[in-house]
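In what follows, a structure is listed as structure tokens, so that the remarks can point back to it.
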Amino acid sequence: MANGGGLTTELYKGRTTSYVILACIVAACGGLTIGYEIGISGGMTFMPAFLEKFNFHSRDDDSPFYYCQNEDKRLIIFTSSLYLVGIAASLLASHVTKIYGRRLSILCGGLCSLVGAVLSGAAQNLAMLILGRIMHGIGLGFGNQAVPLYLAEMAPAKIRGALIIMFQLAITIGILCANLINYGSLWGWRLSLGLAGVPAILMTMGGFFLPETPNSLIERGRYEEARRLLTKIRGTEEVDAEYEDIKEASELAVTNPFKAIFQRKNRPQLVMATMIPFFQQFTGINAIMFYALVLFKKLGFGTDASLYSAVITGAVNVMATLVAITFVDKCGRRALFLEAGVQMFFTQMAIGLIFAIITPLSKSFAVIVVIMICIYVSSFAWSWGPLGWLIEIFTLETRSVGQGINVAVNFLFTFVIAQAFLAMLCHMTYGIFFFFAAWVLVMSLFVYFFLPETKSIPIEEMTSVWRRHWYWKRFVPDEDPPALPSYK
Ligand code: BGC
């Protein structure tokens, strides 16, 4: 290792250049596409003209049982089908990203989403609408796989957390824009679906104009280009230490990354690539993001007030993500995860208890529930939301495939929750909040015991973190024992 096995960035020279910040902002725009999708799909199911056009049955608000709502199954499939396509696309993207570079995947993501938006916005029949969803799903798979990876590799280690979280910030801005557009729903469903083309165009432009990452150039043998780029993005000629670390990491890379991630020495990465997105979805966040309108209507608000509440939660989501950007490189990742775990647990328990004891809710209790939801959303937004994309835990060898698996698992469980939530609400009633609270407890314990702190560690030095961890060290061969204390 160029820095002799030390775990800090001190031997890396250079500064945070405006070039790198700009490249990261452009790349992060990829998050707008998925955010817009998350936010818009819930609202579509309330648009009478849309429901009529495709012969969907509208929601049955007069269901005899307070918690139950009969919903057209095809409508649920409309909301969640693109996640199934996204699973396959993200795994495919992990190959493209590794072999042809990060930019090409970002470009594919942008173009496919653009085609998807045009097809859905212009849909004349159900087939065209579904084809649009499929194209959009492919775009989301590519974008979510490549963009966080791009940010992690471009960022200087000192502010890597903040730059990766720009992706989540873009997601939350996308959700908020979609909520506002739903609130104004007003311009009709074609525009709501078609506007997804705007972030897709930004992403496509990013794919054309962004530089490749130095790590990807080195991985593909373009050494001189990589050195020149490092000099430019770090604003110094003294890039030897970082260059050598990336080169060393690329020499370890194997031909079949799918095989590599299943090797014993990569067990921690495999476990994190599956458990983090699984847990992220089992915080229950998408019950709120997709079904906020249904929930707020159940609370007794009219359609307008419900949309308004959805806009409020969307705004809280954006603001709290800014908190994550501010603190992630100061306090570290674990502190955010653990603090938020406590906050999410107590708010979900409180919401469950209010629903259990007081039904139907009076207006003032309904307002208390909305406040609790905002507190819950804010804690998600500075923990599992952004940190679910913290792909710095992977080595160069496993990064592309690791992120592919991460996105695939994320989409799989987004799909599961989107499909199951209304049925769960009907059968478990207020118990659903205790259900998610229990998962929050489990995931917080998981973080406490199994997730090491990765703040300020150079990205190509991550193996050292696993090697020092009390549990994971048994999986990772000890090549270069460091003199630092062990990490939790
Ligand atoms: C999650 C989405 C979620 C969003 C909310 C993302 O990190 O992957 O499922 O809807 O955060 O902000």
Exercise for review: Report, to the nearest 10°, how far helix 285-298 tilts away from the longest principal axis of the Cα atoms in the chain, using its own Cα long axis and a range of 0 to 90°.
Suggested key: 20
**Study point:** Residue-averaged [θ]222 nm for the chain, counting only DSSP H segments that reach four residues, each worth -39500 (n - 2.57)
**Key:** -24000 deg cm²/dmol
Practice item. For region 333-488, build the charge dipole from Cβ charges (+1 Lys, Arg; -1 Asp, Glu) around the Cα centre, then report which of 419, 357, 395 sits farthest towards its positive end. Key: 357
Practice item. Report, to the nearest 10°, how far helix 18-28 tilts away from the longest principal axis of the Cα atoms in the chain, using its own Cα long axis and a range of 0 to 90°. Key: 40
Review point. Where the centroid of each part is defined by its Cα atoms, how far is region 163-239 from region 339-388 in Å?
Key: 32
Check your understanding: Given region 341-409, what whole percent of its Cα pairs are spread farther than 13 Å?
Key -> 70
Practice item. Name the lysines eligible as straight-distance cross-link partners of residue 363: C-alpha to C-alpha under 26 Å, and not fewer than 8 places from it in the same chain. Key: 297, 298
Exercise for review: With a point put 7 Å past each Cα toward its Cβ, work out how far residue 356 is from residue 426 in nm, to one decimal.
Suggested key: 2.4
Revision key, fill the gap. The Kirkwood hydrodynamic radius of region 415-473, taken as the inverse of the mean 1/r over all distinct Cα pairs, in Å, comes to 14.4
Review point. Among rounded, prolate and oblate, which fits region 244-322 when a ≥ b ≥ c are the square roots of the eigenvalues of its C-alpha gyration tensor, a/c under 1.5 means rounded, and a/b larger than b/c means prolate?
Key: prolate
Point to revise | Cysteines in the chain that, by Cβ-Cβ distance, have no pairing candidate under 4.7 Å | key: 24, 29, 108, 112, 177, 331, 374
Revision key, fill the gap. Measuring from the longest principal axis of the C-alpha atoms of the chain, the long axis of helix 223-234 (C-alpha) lies at a number of degrees, nearest 10, equal to 70
Exercise for review: With a 1.4 Å probe and every protein chain left in place, work out the accessible area per residue of region 352-488 in Å², rounded to a whole number.
Suggested key: 36
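Cα gyration tensor of the chain, axes a ≥ b ≥ c as square roots of the eigenvalues: rounded (a/c below 1.5), prolate (a/b > b/c) or oblate? Can you show the working numbers first?
Values: a/c = 2.12, a/b = 1.51, b/c = 1.40.
Verdict is prolate for the chain.
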Review point. How about region 124-195: which trypsin sites (Lys or Arg not before Pro) there lie in a loop by DSSP and see at most 11 other Cβ atoms within 10 Å?
Key: none
Exercise for review: Rounded, prolate or oblate: pick one for region 136-213, where a ≥ b ≥ c are the square roots of the eigenvalues of its C-alpha gyration tensor, a/c under 1.5 means rounded, and failing that, prolate if a/b is larger than b/c, else oblate.
Suggested key: prolate
Practice item. Could you tell me what percent of the accessible area of the chain is made up of carbon and sulfur, with a 1.4 Å probe and every protein chain present? Key: 68
Exercise for review: Note down the magnitude of the dipole of the chain about its Cα centre, charges +1 on Lys and Arg C-beta and -1 on Asp and Glu C-beta and zero elsewhere, to the nearest 20 debye.
Suggested key: 320
Exercise for review: Kindly provide the chymotrypsin sites (Phe, Trp or Tyr not before Pro) of region 139-229 that DSSP labels as loop, not H, G, I, E or B, and whose Cβ sees at most 11 other Cβ atoms within 10 Å.
Suggested key: 187
Check your understanding: Three principal axis extents, largest first, for the C-alpha atoms of region 171-242, in Å?
Key -> 56, 19, 16
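The values are calculated or read from the model by the stated rules, or taken from the named source; none is laboratory data. Not measured: the values here are computed from a predicted model. Note: ideal-geometry Cβ built from the backbone for every residue, glycine included; neighbour counts use all protein chains shown. Accessible surface is based on the protein model in full, side chains and every heavy atom, while ligands, DNA and RNA are left aside. Shrake-Rupley method; radii C 1.70, N 1.55, O 1.52, S 1.80 Å.
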